[in-house]
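Note sheet for the following structure.
The values are calculated or read from the model by the stated rules, or taken from the named source; none is laboratory data. Everything quoted here is computed from the prediction, not taken from an experiment. Neighbour counts are summed over all protein chains in view; Cβ atoms, including those assigned to glycine, are modelled from backbone coordinates with ideal geometry.
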Amino acid sequence: MKALIIGGGLGGLLTAARLVKAGHRIEIFERQALIGGRFINLDYKGYKLTSGALHMIPHGSRGPLASMLRQVGADVKIVTSSPPAMLRIPDNGSVRDIPFKNFSSPLSLTDKLKLFYLNTKSRFVKPGDESFKDWFFPFIKDPWLIKFANAYCGWALSMRCDDVSVREMLAIIDNMRRYGGPGVPMGGCSAIINALEQVILSGGGIIHTNSQVDQILIVDSRAVGVEAGGETIPGDVVISDIGHQLTAQLYDHPDTDEFKEYTAALNSARPAPGIKICLGANMPLIGHSGILLTPYARRVNGINEVTSIDPSLAPPGKHLIMSHQALQSDDIQSEIELGLKDLEDIFHKDDYEVLMVQTYRNGWPVNRAGSGSDLGNTTPIKGLYIVGDGAKGKGGIEVEGVAMGVENTIGLLQNFKTNYAR
C-alpha cells in the first residue's frame with residue numbers, strides 16, 4: 001500500500017512511522033521548510049523554546065505517545081516528572097502548594113462526600129451531554145472546585161471547564177489513572193521529531209518539505225492521489241494531518257446527505273486557542289519538574305520548569321519556565337498583559353526575563369478541534385483519513401490524543417480494501 005500524507009506534524013510523522021514499519025510506502029508533503037509543526041525546538045538566546053508544545057508529554061513514559069514511539073523504534077528518553085503536579089492556593093496572606101492528588105482538601109466534608117457520590121455514580125450511570133462544570137456545579141457550590149477545574153482544563157486542553165463535556169473529562173481522568181502523570185523528553189520536542197524522521201527515512205519513506213498539496217484527487221468518491229507543485233502523485237490512501245476543515249478545502253464535495261451532515265459537523269467544531277509565555281531565569285522558580293497549576297491567577301492556568309529534568313534546554317546555569325493560558329477573549333493584547341501580570345505576582349519580576357510570548361489561534365490554534373469536539377479519523381471520502389490535533393482519541397490530552405487517533409487510523413487502514421499493487 002502507498003500512503004500519501006499531507007502535513008509533517010506529529011500526527012503525520014507518527015502515522016508514517018507506523019506504516020513504514022508495517023512495510024508500506026509513504027510520502028509526506030510538508031508545506032513548511034521544517035517538519036514537526038507545533039512540536040519542534042526553537043533556538044533563542046541559547047534556550048530551546050518551541051513552536052507550540054511545552055516540552056512535556058502528558059502521560060510521560062507510560063502513555064499512548066511513548067508506547068507508539070517504542071513500537072516504531074524511535075529512540076527517545078522520557079523522564080517522569082516528580083511531583084506530577086502541584087496546586088498553588090492562598091494561605092493566610094501568603095501561598096502554599098499542595099499535591100494535585102489532594103485537590104479536594106480545601107472542600108468541606110459535605111462537599112467531599114458529594115464529590116465521592118458523583119464519582120461513584122459516574123461509574124454506573126453515564127453522564128449526558130452537559131459540560132464538566134454543569135456536572136458538579138451547583139451540586140457542589142464551592143468556587144474552589146470551579147477554579148481548580150478551570151486551571152486544569154486550561155493547562156491540559158486550553159479550554160474552560162464549561163467548554164468541555166463531562167464525558168470527555170471523565171475519559172481524561174480515567175486515562176490519568178491508567179497512565180499516570182507527565183514527563184519530559186530529553187532534548188525537548190525536537191528529540192521526538194528527529195527520532196521519527198530517522199525511523200521514516202530508514203524505512204524507505206519520502207519526506208518533501210516546502211511542498212504544498214494543492215488538491216486531493218477524488219474518483220468515484222475515493223481518494224486516489226494528490227497534486228503538489230504541479231505534479232500528480234497517485235496513492236492508495238490519503239492521510240491528512242492538517243485537520244478536517246482545511247482538508248475539506250482540497251477536494252470537490254459530493255452532493256450527498258452524508259457529506260452535508262459532515263459539513264454541518266465541520267462548522268460546529270471548536271478550535272482551542274491559547275497563549276504561551278516563555279521565561280528565562282538564573283535560578284529555579286518552581287523548584288520541581290512537574291506542573292504548577294495556578295487556580296487563583298487571572299489568566300495563567302499552569303507553569304512548568306522543564307530544565308529541572310533537562311538542563312540542556314537552557315544555557316548553562318539558566319532555567320526555562322513556560323506558562324500556558326486558555327484564551328478567554330479576542331482582545332489578545334489584554335489577555336497577554338493579564339498573563340504577564342499573573343507571572344509578576346507569582347514570581348518576583350527581577351527573578352526572570354520574558355523570552356517570548358506566543359499566541360495560538362485562528363489557523364494555528366493549540367488544537368484544531370477542542371477536546372470532545374473531534375470529528376474522528378474518517379471522512380465521507382473513501383481512502384481519506386484525518387490524524388493530528390483535529391482528530392484526537394477520546395480522553396486523549398494533546399499529543400496523547402494525537403497518538404490515540406493515529407492508532408485508531410492504523411486499525412482502519414488494516415481493514416481498507418485497496419487495488420493498488422504493492
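Quick grid of which residues meet (1) closer than 28 Å to Ser94 by Cα; (2) in contact (Cβ under 8 Å) with a residue 60 or more places away in the chain; (3) not hydroxyl-bearing (Ser, Thr, Tyr):
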{"position": "Ser268", "(1), (2), (3)": "no, yes, no"}
{"position": "Tyr296", "(1), (2), (3)": "yes, yes, no"}
{"position": "Asn301", "(1), (2), (3)": "yes, yes, yes"}
{"position": "Thr307", "(1), (2), (3)": "yes, no, no"}
{"position": "Ala326", "(1), (2), (3)": "yes, yes, yes"}
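Check Lys147, Lys133 and return the single one that is of a type in the set (Lys, Arg) and in contact with an Asp or Glu (Cβ under 8 Å, 6 or more places away or on another chain).
Exactly one of Lys147, Lys133 is of a type in the set (Lys, Arg) and in contact with an Asp or Glu (Cβ under 8 Å, 6 or more places away or on another chain), namely Lys133.
Please enumerate the residues belonging to segment 353-375 that are over 9 Å from Pro273 (Cα atoms), modelled with pLDDT under 95 and not polar (S, T, N, Q).
Hits for segment 353-375 are Gly363, Ala369, Gly372, Asp374, Leu375.
Considering only segment 184-290, give the strands (runs of 3 or more DSSP E) lying wholly within it that have at least 3 residues that are under 23 Å from Ala74 (Cβ atoms).
Those strands (runs of 3 or more DSSP E) span 206-208, 237-240.
Can you tell me how many residues in segment 56-69 are over 13 Å from Glu407 (Cβ atoms) and not polar (S, T, N, Q)?
Total meeting the criteria: 6.
If you go through segment 345-389, how many residues are aliphatic (A, V, I, L, M), more than 15 Å from the chain's Cα centre (by Cα) and in a loop (DSSP other than H, G, I, E, B)?
Counting residues in segment 345-389 that are aliphatic (A, V, I, L, M), more than 15 Å from the chain's Cα centre (by Cα) and in a loop (DSSP other than H, G, I, E, B) gives 2.
For residues that are polar (S, T, N, Q) and buried (at least 24 other Cβ atoms within 10 Å of the Cβ), scanning just segment 308-344, find the one that is nearest to Arg368 (Cα to Cα).
This residue is Gln325.
With Glu398, Glu353, Glu337 as the choices, which residue is without any contact (Cβ under 8 Å) to a residue 60 or more places away in the chain and out of contact with any His (no Cβ under 8 Å at 6 or more places or on another chain)?
The unique qualifying residue is Glu337.
Hey, among Val72, Val76, which residue is out of contact with any strand residue (DSSP E or B) (no Cβ under 7 Å at 6 or more places or on another chain) and crowded, with 16+ Cβ neighbours inside 10 Å?
From the options Val72, Val76, the qualifying one is Val72.
Can you confirm whether segment 154-170 contains a residue that is of a type in the set (Asp, Glu), touching a residue at least 24 places away in the same chain (Cβ under 8 Å) and within 21 Å of Asp345 (Cβ to Cβ)?
No, segment 154-170 contains no residue that is of a type in the set (Asp, Glu), touching a residue at least 24 places away in the same chain (Cβ under 8 Å) and within 21 Å of Asp345 (Cβ to Cβ).
Residues being in contact (Cβ under 8 Å) with a residue 60 or more places away in the chain and more than 21 Å from the chain's Cα centre (by Cα): count how many of those fall in segment 32-61.
So the count comes out to 5.
Tell me, yes or no, whether segment 139-148 has at least one residue that is closer than 21 Å to Lys392 by Cα and touching a strand residue (DSSP E or B) at 6+ places or on another chain (Cβ under 8 Å).
No: segment 139-148 contains no residue that is closer than 21 Å to Lys392 by Cα and touching a strand residue (DSSP E or B) at 6+ places or on another chain (Cβ under 8 Å).
Picking from Ala16, Ala3, which residue would you name as being among the hydrophobic types (A, V, I, L, M, F, W, C), outside any strand (DSSP E or B) and either out of contact with any Phe, Trp or Tyr (no Cβ under 6 Å at 6 or more places or on another chain) or modelled with pLDDT of 95 or more (or both)?
Testing whether each residue is among the hydrophobic types (A, V, I, L, M, F, W, C), outside any strand (DSSP E or B) and either out of contact with any Phe, Trp or Tyr (no Cβ under 6 Å at 6 or more places or on another chain) or modelled with pLDDT of 95 or more (or both) leaves just Ala16.
Being without any contact (Cβ under 8 Å) to a residue 12 or more places away in the chain and either out of contact with any helix residue (DSSP H, G or I) (no Cβ under 7 Å at 6 or more places or on another chain) or surrounded by fewer than 16 Cβ atoms within 10 Å (Cβ to Cβ) (or both) narrows it down to one residue among Phe100, Phe124; which is it?
Checking each option against the conditions leaves just Phe124.
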